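Coordinate-derived values only; no laboratory data. This is a predicted model, so every value here is computed, not measured. Here the Cβ positions follow ideal geometry from the backbone for every residue, glycine too, while neighbour counts run over all protein chains shown.
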Amino acid sequence: MTDVDFAAIRRQFPILDQSIHGHPLVYLDSAATSQKPQCVIDAESEFYRTINAGVHRGAHELAARSTMAFEEARAKVARLVGANSEEGEEEIVVTAGATAGLNLLATAFGNASVGRGGKPAQRFALKPGDEIVVSKAEHHSVLLPFQELAYRTGATLKWFDLAEDGRIRSDTADEVITERTKVVAITHVGNTTGAITDIAPIVRRAHEVGAVFILDACQSVPHLKVDFHAMDVDFAAWSAHKMYGPTGVGFLYGKRELLEALPPANFGGSMVELAWMDKPAEYMAPPARFEAGTQPVAQVVAAGVAADWMREIGMENIEAHEKTIAAELLKLGDIDGVRILGPRENVDRIGTVAFDVQGVHPHDVGQFIDSLGIAIRVGHHCAQPVHRHFGLYASNRASTGVYNSIEDAQALVEAVSKVRSFFKV
Ligand code: PMP
């Protein structure tokens, strides 16, 4: 146990202090989106009240202050994930979220494959015969951009299979990734199974064959201490709204030398050095090259506050706290007729626990649970292949955040234990 006062941390979330259907709200849907502490809510409105202005433009004082706040937020986010942020060495690109970051990469690789004037940018170019590797556990925002990239370039899409408990079969890296593999995109933590992927063998094999390794860090950055340098990943994408920050913003990590070699994906203002009518433009260095158009500055600033807030609590403390709640949630698997879709042991997993209640449709389960003031997610969680792996189309999913308590998990377990008798199955 840590000496962090998690009950006091919970009180920093105003939304949690309310009743739903006459019961105190129990929020167990942080894998969909996390709630926001008061300091993050305040940071956004404080920005609008005091320094709102376009960044990187204009000679006036407010523009200078907002630019500084924006760049400071980038540095705070970089510190959370072990990335560089010194001027000229930045490795964090602002995006509209994980989906946008992953699409940015797939589009940039597509642009590299076509090239300018028919000359592909070799480092990232794909052609027929090349391979792109994903896994069956991917969120659709990994699967679909890279599947479409394969269709566009003639490359072949391959994937890691899953073990019975839904873990990605990292032990098969040497067979799945071949000399023809150019891109590997894998989730760090399954958004349905909660399983932490053993990425080391996959990263090692990807680099052995010269492929680029992309990590979907959406479900790891909020819950685990991550260090992208130590993990040696080439790119990583995640969303601010799942790490106690605002919606509409996310981040893409890229090794500096790769960001410098990658062609842009989106074109417009604030990303170009020189634009001409009769010859191709010269683009700015990263991260500006990838940040076309006006950025969500207030939200980025607030996301920086969220990153600092998490570091202050300590990622190890957050992980340890959520692990105790995961242990409680895993008791769902002891209920007659309830099956957990993911590892049953509380090892190498987070507190995201998807489950099936035999004979009861997830929407019915969700509604019953909701009537008791407990919020969980039902559906396929934008991950249909992993549900097919378990022989299902949809499931129920409880997921933890830093504000949850053991009592929250106990309330859910008790509620789920009543579902089958309520529906008379
Ligand atoms: N990957 C994973 C593993 C996720 O859980 C999510 C969020 N549901 C995403 C990607 C996409 O994130 P967003 O919708 O915030 O772009």
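So the values come out like this:
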quantity	calculated
Assigned charges on the beta-carbon of Lys, Arg, Asp, Glu; the chain dipole about Cα centre (debye)	1020
Cross-link reach list, lysines versus residue 279, counting only Cα pairs under 19 Å and skipping chain neighbours closer than eight places	119
Gain upon complete extension [residue 33, residue 272; 0.36 nm per residue less C-alpha separation]	82.6 nm
Amide proton proximity set for residue 189, modelled H, under 5 Å, gap of 5+	197, 219, 220
Rounded FRET efficiency, nearest 0.05, which uses the C-beta distance separating residue 320 from residue 8 and R0 of 25 Å	0.90
FRET efficiency, residue 406 to residue 127 (Cβ-Cβ, R0 45 Å, nearest 0.05)	0.25
Estimated inter-spin distance, residue 59 and residue 72, nm [label 7 Å along Cα→Cβ]	2.5
In order through the range 296-313: 3J(HN,Hα) via Karplus (6.51 cos²θ - 1.76 cosθ + 1.60), integer Hz, x for Gly, Pro	x, 4, 4, 5, 5, 4, 5, 5, x, 5, 4, 4, 5, 4, 5, 5, 5, 5
Theoretical gain in end-to-end length, residue 258 to residue 140 [0.36 nm per residue, Cα-Cα removed]	40.0 nm
10 Å beta-carbon shell around residue 210, net charge (K/R +1, D/E -1)	0
Hits among aspartates and glutamates - C-alpha to C-alpha of residue 76 under 14 Å, sequence gap 8 or more where chains match	86, 87, 90, 91, 227, 308, 312
Sequence of 10, 116 once ranked by neighbouring C-beta atoms within 10 Å, starting from the fewest	116, 10
Charge dipole of the chain about the Cα centre (unit charges at C-beta), most positive-ward option of 247, 298, 201	247
Fewest-first sequence of 105, 162 by Cβ atoms within 10 Å of each Cβ	162, 105
Amide H within-cut-off set for residue 272, under 5 Å, with H built and near neighbours excluded	284
Rounded if a/c under 1.5, otherwise prolate or oblate - the chain, Cα gyration tensor axes	oblate
Cβ-Cβ FRET estimate between residue 382 and residue 148, R0 fixed at 22 Å, reported to 0.05	0.90
Over the range 44-311, relative contact order from alpha-carbon pairs under 8 Å, at least 6 apart, %	24
J(HN,Hα) series, the range 225-236, from Karplus relation 6.51 cos²θ - 1.76 cosθ + 1.60, nearest Hz, glycine and proline x	6, 10, 9, 5, 5, 4, 7, 6, 7, 8, 9, 8
Cβ-based exposure ranking for 369, 325, 20, in which fewest neighbours within 10 Å come first	20, 369, 325
For residue 131, distant residues with modelled amide H under 5 Å away	156, 181, 182, 183
Within straight-line cross-link reach of residue 158, lysines at Cα separation under 17 Å, skipping those fewer than 8 residues along the same chain	127, 136, 182
The range 299-388: trypsin sites (Lys or Arg not before Pro) in DSSP loop, at most 15 other beta carbons within 10 Å	344
Spatial separation of Cα centroids for the range 223-275 and the range 361-425, in angstrom	33
Helix-derived mean residue ellipticity, 222 nm - over the chain, DSSP H n ≥ 4, -39500 (n - 2.57), to 500	-11000 deg cm²/dmol
Derived scalar couplings ³J(HN,Hα) [the range 411-423; Karplus, 6.51 cos²θ - 1.76 cosθ + 1.60; whole Hz; x for Gly, Pro]	4, 5, 4, 5, 5, 5, 5, 9, 4, 5, 6, 4, 8
